[in-house]
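Participant: Have a look at this one before I ask anything.
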Amino acid sequence: MAGMEALRLVIFGPPGSGKGTQAKLVSEFYGIPHLSTGDILREEVERDSDLGRMAEGYMSRGLLVPDDVVIGIVRQRLMREDCRPGFILDGFPRTLRQAEELDRILGELGWRLDVVINLVVDEEEVVRRITLRRVCSVCGAIYHLEFNPPKRPGVCDRCGGKLYQREDDTEEVVRKRLEVYRTQTEPILRYYREKGLVRDVDGNPSIEEVFEQVKAVLEEVRSRGDG
Ligand code: AMP
């Protein structure tokens, strides 16, 4: 039935490109779960679990958590019932090995990706966004002190939770994360381009304008799927 097709996508881009913000909007609009490996890992750190303690050292330095760990997390998450209508992956895959393993996992489930949305943002813009980013400690909502400020300073509009600055959002760690992105993550765009899956979206305009572009791409993908 038209409109009932599953929607399986990856949102791709450097740190600070607006992946998380756009992923949340897509998740709400299309009613599919938002799978953010960064959010999952931060929850584990918060809970002080074994996994969290292991991951924290990498995260605080802007390095990638080992592939096997992250792949295991995503595999488990994708097996859950709520992913059947589709999902949006945010922050995964981040290495070629993760991309290949994702294909394998999806293959086992009889699925494949519909599209990879690549948010293209200028590097100076990325640093500006990240250093003024604030995140809700309760619901994970994302704010920007200048472009998307909360109504009350330090308090989440959605749930009243306390806002905080991510430990890895300092300028020094951001620079490291951008380097990791360029060397380890950006190369997988080629892998996806060869499969014809990548759609570039200009991530520089406002949240609303970018979301309009993202929706336009997804509507096109869905109409293609309806055949
Ligand atoms: P993010 O919230 O996506 O910016 O992720 C924050 C941090 O979590 C990253 O800098 C990594 O240390 C870790 N992380 C998140 N996703 C992955 C992934 N797919 N592979 C390895 N490490 C990850």
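Participant: Going toward the positive end of the dipole of the chain, with +1 on Lys and Arg Cβ and -1 on Asp and Glu Cβ, which of I71, V173, G52 do you reach last?
Facilitator: Of I71, V173, G52, it is G52.
Participant: Could you tell me which chymotrypsin sites (Phe, Trp or Tyr not before Pro) in region 132-164 are loop residues by DSSP with no more than 14 other beta carbons within 10 angstrom of their beta carbon?
Facilitator: F147
Participant: Where the accessible area of the chain is counted over protein heavy atoms with a 1.4 Å probe, how much of it, in %, is carbon and sulfur?
Facilitator: Solvent-exposed carbon and sulfur of the chain make up 48 percent of the total.
Participant: Suppose R0 equals 22 Å. What FRET efficiency, 1/(1 + (r/R0)^6) with r the Cβ-Cβ distance, do E46 and Q165 give to the nearest 0.05?
Facilitator: Once the sixth-power term is evaluated, E becomes 0.90.
Participant: Give a quick list of trypsin sites (Lys or Arg not before Pro) in region 50-105 that DSSP marks as loop, anything other than H, G, I, E or B, with at most 15 other Cβ atoms within 10 Å.
Facilitator: Counting only loop positions with at most 15 other Cβ atoms within 10 Å, the trypsin sites (Lys or Arg not before Pro) in region 50-105 are R61, R80.
Participant: To check you understand DSSP bridge types, tell me what percent of the beta bridges within region 99-227 (both residues inside) are antiparallel, rounded to 5.
Facilitator: Close to 60 percent.
Participant: Solvent-accessible area per residue for region 20-171 at a 1.4 Å probe radius, Å²?
Facilitator: 51 Å²
Participant: If you don't mind, there's one more thing I want to ask. Rounded to the nearest 20 debye, what is the charge dipole size of region 182-227 about its Cα centre when +1 sits on each Lys and Arg Cβ and -1 on each Asp and Glu Cβ?
Facilitator: Here the size comes out at about 340 debye.
Participant: Ok, one more. Would you look at the GNM of the chain, springs on alpha carbons closer than 10 Å, and say which of P149, P85, P205 moves the most?
Facilitator: P205
Participant: Going 7 Å from the Cα of L106 toward and past its Cβ, which residues in region 35-52 have a backbone nitrogen under 19 Å from where you end up?
Facilitator: 35-38
Participant: Region 126-215: D in µm²/s via Stokes-Einstein (Kirkwood Rh, Cα pairs, 20 °C, 1.002 mPa s)?
Facilitator: Value of D from the Cα-based Kirkwood radius: 141 µm²/s.
Participant: Placing unit charges on C-beta atoms (Lys and Arg positive, Asp and Glu negative, everything else neutral), compute the dipole magnitude of the chain about its Cα centre in debye, rounded to 20.
Facilitator: Around 240 debye, computed over the chain.
Participant: Based on the Kirkwood radius over alpha-carbon pairs, what is the Stokes-Einstein translational diffusion coefficient of the chain at 20 °C with 1.002 mPa s viscosity, in µm²/s?
Facilitator: 119 µm²/s
Participant: Same structure again: Nothing charged except the Cβ atoms of Lys and Arg (+1) and of Asp and Glu (-1): what's the magnitude of the dipole of region 109-194 about its Cα centre? Round to the nearest 20 debye.
Facilitator: 380 debye
Participant: Which residues' amide hydrogens lie under 5 Å from the amide hydrogen of V138, considering only partners 5 or more residues apart or on another chain, with H built in the peptide plane?
Facilitator: K162
The values are calculated or read from the model by the stated rules, or taken from the named source; none is laboratory data. Quick caveat, the model's predicted, so the values are computed rather than measured. Ideal geometry is used to build each Cβ from the backbone, glycine not excepted, and the neighbour counts take in all protein chains shown. Protein only, heavy atoms only, side chains kept; ligands, DNA and RNA dropped before computing areas. Shrake-Rupley method; radii C 1.70, N 1.55, O 1.52, S 1.80 Å.
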